[in-house]
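Notes to accompany the following structure.
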Amino acid sequence: MKKYILKITSVNKTELKLESGKNTFTIPATSDAIKKAKTAMRKGSNLSIGIEGEKLKYGTSSSMPNQCNKFVSAELEKYWDQYVPPVNKEHAELMSFIHNDAISLRPSLLMLPDLQWKYLVRSAMRGKNIMMTGAAGSGKTMAAKALANALDRPEFYYNLGATQDPRSTLVGNTHFAKDKGTFFSESSFVKAIQTEDAIILLDELSRAHPEAWNILMTVLDPGQRYLRLDEADNSPIVKVAKGVTFIATANIGNEYTSTRVIDRALLDRFTIIEMELLNKEKEEALLLQMYPEADKTMISNIASIVSATRDEMKTEVPRISTSVSTRASVEFASLCHDGFTLEESAEVTVYPLFDDAGGLDSERTFIKQLVQKFIPSNTDDNLFNTEDGEELFTEEDIDSAS
């Protein structure tokens, strides 16, 4: 048992304040500690402390306190007022990279908030599974690919929505050759999961066949992380390599009619990052970055039109069934950059997104009137007024979007 002699500076019901040289210590008060400390103070003595593991034994001592001016013994460290717990160097470097260095690696065209980008980076560094949800064209796939490039990690891409045979894509196929007979050929996915620190993008997971979900269950489970090759001889098990990160993308909502409701057990294997559609300012900044030579007023008008459709979708009774995605917005700006007028560009990229059934009450008419507000006109007549003269889209609506 290590024994130390410390000078008593104060005693109360919760703690004992002690000192040795220039260092001070705080020890939790027990009935025995308080009793011995008060006895020592009456005698003008010091407190002796015997330390054995987590047990403390108290007594009084007339000896001088130990001098701990330069060094504090390991047994006393946890009670030392200036004690700083040891920091794992590797963990400290990881935290510094995530919170300080990672932001500079984000591409300028990726309008992702700092928090979501840092979380993506942290997940890749920790080998976690991420599911990115959001509207079509909101940048989910772009974010995943940007992460792989920023971290210089091996990248593998699988569009599960376009896969008709999940077992062939994720496990492999059995073939027959005259010279070899029947043999198994593993898929590229098997090689991908054996690549250390790989980032594997599972695109359109919400459109995948349920069999794909079943195959991925053990692969994505942090407690299992393996894939069984049932078609191969002896059904070997392939372990997921260290540091592999799976990033899935999914469209969730009633307007995505070809998607499936993702199994809750599969969903539970991911942490979800929701991709928000850009506001007017960010949309405009993105388009200006992509087309710096384009007319700034034209770009601002495009951003206002796009933003107005998104704001309309947030109302209690929206007059449209969908909004203009960033992907469509980029094509809209691209056409304008190539010399098409705002109206011509909208005719190709925006109007087809909205139903024209219903005449003057249709979504198409509503959007046409919205676009018309941003087209210079030599006439005061609005082509898309209703029969009683009431405009479908008021100046106040436009001002709020601009």
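The table that follows gives values for the structure above.
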item: Test: Ala248 is surrounded by 22 or more Cβ atoms within 10 Å (Cβ to Cβ), closer than 27 Å to Ile200 by Cα and either among the small types (Gly, Ala, Ser) or touching a Pro at 6+ places or on another chain (Cβ under 8 Å) (or both); result: yes
item: Residue within the stretch 12-24 that is more than 30 Å from Ala146 (Cβ to Cβ), small (Gly, Ala, Ser) and touching a Cys at 6+ places or on another chain (Cβ under 9 Å) present; result: yes
item: Number of the condition not met by Lys22 [criteria: (1) without any contact (Cβ under 8 Å) to a residue 24 or more places away in the chain; (2) surrounded by fewer than 13 Cβ atoms within 10 Å (Cβ to Cβ)]; result: (1)
item: Some residue of the stretch 126-133 being in the same structural domain as Ala250 (by TED's automatic domain parsing) and part of a loop (DSSP other than H, G, I, E, B); result: yes
item: Odd one out for Glu281, checked against (1) within 30 Å of Ala124 (Cβ to Cβ); (2) surrounded by 15 or more Cβ atoms within 10 Å (Cβ to Cβ); result: (2)
item: Tally, over the stretch 29-77, of residues that are at pLDDT 80 or above and either assigned to a loop (DSSP other than H, G, I, E, B) or among the β-branched types (Val, Ile, Thr) (or both); result: 13
item: Lone qualifier among Ala250, Ala303 - being among the hydrophobic types (A, V, I, L, M, F, W, C) and closer than 25 Å to Asn149 by Cβ; result: Ala250
item: Residue within the stretch 300-313 that is assigned by TED's automatic domain parsing to the domain that holds Lys145, at pLDDT 90 or above and not β-branched (Val, Ile, Thr) present; result: no
item: Top-ranked residue in the stretch 113-142 [being hydroxyl-bearing (Ser, Thr, Tyr) and surrounded by fewer than 20 Cβ atoms within 10 Å (Cβ to Cβ); ranked as modelled with the lowest pLDDT]; result: Thr141
item: When residues of the stretch 181-207 are limited to those that are in a loop (DSSP other than H, G, I, E, B) and in contact with a helix residue (DSSP H, G or I) (Cβ under 7 Å, 6 or more places away or on another chain), the one farthest from Asn234 (Cα to Cα); result: Glu204
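Quick grid of which residues meet (1) buried (at least 17 other Cβ atoms within 10 Å of the Cβ); (2) in a strand (DSSP E or B):
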residue	(1), (2)
Ala144	yes, no
Ala150	yes, no
Tyr158	yes, yes
Arg167	yes, no
Asn173	no, yes
Asp179	no, no
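The values are calculated or read from the model by the stated rules, or taken from the named source; none is laboratory data. Because the structure is a prediction, the values reported are computed rather than measured. Heads up, the Cβs are rebuilt from the backbone with ideal geometry, glycines too, and the neighbour counts pull from every protein chain shown.
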